[in-house]
1. Quick check on region 51-62. Is at least one of its residues among the charged types (D, E, K, R), modelled with pLDDT under 95 and at negative phi?
2. For region 50-62, does any single residue satisfy the condition of being under 18 Å from the mean Cα position of the chain (by Cα) and free of Cβ contacts under 8 Å to residues at least 24 places away in the same chain?
3. Can you confirm whether Ala24 is in a loop (DSSP other than H, G, I, E, B), over 24 Å from Ser141 (Cα atoms), open to solvent by 10 Å² or more (accessible area, probe 1.4 Å) and out of contact with any Leu (no Cβ under 8 Å at 6 or more places or on another chain)?
4. Is it the case that some residue within region 99-118 is without any contact (Cβ under 8 Å) to a residue 24 or more places away in the chain and over 20 Å from Val203 (Cα atoms)?
5. Please go through region 100-148 and give me each residue that is under 19 Å from His257 (Cα atoms) and open to solvent by 10 Å² or more (accessible area, probe 1.4 Å), ordered by number.
6. Which residues, counting only those in region 68-91, are part of a loop (DSSP other than H, G, I, E, B) and among the charged types (D, E, K, R)?
7. For the list (1) out of contact with any Cys (no Cβ under 7 Å at 6 or more places or on another chain); (2) modelled with pLDDT of 95 or more; (3) closer than 22 Å to Pro139 by Cα, I need the number of the one condition that Lys95 fails.
8. From the residues in region 237-254 that are small (Gly, Ala, Ser) and in a loop (DSSP other than H, G, I, E, B), which one is least open to solvent (accessible area, probe 1.4 Å)?
Amino acid sequence: MPCTRTSIGLALALLVAPSPAQAAVTGVAFVHGTGKQTNALVDYWTAAMVDSVRLGLPNTTNYVVVNCDFEKYMWDPAAAGCLAGQLSSFIKAKKITDLLVITHSNGGNMLRWILSNPTYDSRYPAVISAIRWVDALAPSSLGTPLANAVVSGTTFEKSLGWLLGYKSEAVIMQQTENMAYYNANWLLGTAGRPALPRDLWAVVGTDVDSSPFDNDSWCGGYSLGVGLETTQWWLDSCSDGFLNCSSQGGAGHEWFHDIEYTYEQEPLSHAQSRRNCFYLDLFLREDVKP
C-alpha cells in the first residue's frame, strides 16, 4: 500500500515554513539512470516528460536535467561527483532553497550515495540541505539479478547488453550481492540501517505489457517493452522487466505501486517509468508544487 506523506509534510511545513519575506525558491532536478548521458533531456526523459512535470513549479525555468557518466561506480567523480557538481551549480545559479529530485533506476543509487556520505565531497552538504525529498522512480536499491547474469557471462549476456551495457562498473555495482554490501556498509535507508537525511519515496513498477494490439504498450517504446517482457521471465512475478519490486522498494519509503495511481491501472515497465506514460507526469507535477 502507498505510504502517505500528508501528515509528514504538514508537520514539516509547520516547523520550517518560510516567512513571506523568505519564501522558498523551488526547483526540480531530473537524474537519469545507468549510462553516460550527454543529452538526457532528449535521449532519456524526453521533453514531453520534463516539460509536463516542471509545469508544477512556480517558476517553470527552475529545473535541471543532469548529464553524467553513470557507467561508473557511484562514488566516482564522473558519477556522484558530477551529479553533485551539476546540482550545486543549479542551486547556486537559481538560488534554490527547495529542491525536489526525481531519479530513475540507478540514478537513485547515485543520489543516495550523496545523502549517505555528506563528508565525502565538500559540495555534498549544501546539496543535501537544499533537498526537500527525492522521488525515486523504479530505483535499483537492492540491485538486479540481470546484472548478475551479465557479469557472470551467461547466455543472456548478449541479450541483456542493450539494457545494461557490457560489464561496466555500474553493472558490476548493481549485482545483488554487491548492492547488499554497499547497503550494509556505505548507504543509508535500507532495512536495519539509519534513515537517510532526506526522505526517498520509491515509485514501484510492477509489470510489463507488450501486446502489439494494445496502444498502451507503445508508450515509452514498443521494442523496449518487448525486451523487458523477455527479461521479466528471470525476475520475480512482481517486476518492471529490469528490477524486482523488492529492489525498487528496498530503500527509503515505498510511496506507491504504479497501478495504484496510473491511468486505468496500467503498470509501468522500466522504460515507461521515465516517460509521460499513464499520467505519471501529472502526478509528479503535483508533487513538485511547493
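The values are calculated or read from the model by the stated rules, or taken from the named source; none is laboratory data. This is a predicted model, so every value here is computed, not measured. Cβ sites come from the backbone with ideal geometry, for glycine too, and all protein chains shown count toward neighbours. These area figures cover heavy atoms from the full protein model, side chains too; ligands, DNA and RNA do not enter into them. Shrake-Rupley method; radii C 1.70, N 1.55, O 1.52, S 1.80 Å.
1. Scanning region 51-62, I find no residue that is among the charged types (D, E, K, R), modelled with pLDDT under 95 and at negative phi, so the answer is no.
2. Checked region 50-62: at least one residue is under 18 Å from the mean Cα position of the chain (by Cα) and free of Cβ contacts under 8 Å to residues at least 24 places away in the same chain.
3. yes
4. no
5. Those that are under 19 Å from His257 (Cα atoms) and open to solvent by 10 Å² or more (accessible area, probe 1.4 Å): Trp133, Leu142.
6. Glu71, Lys72, Asp76
7. (3)
8. Step by step, filter region 237-254, then rank; the result is Gly241.
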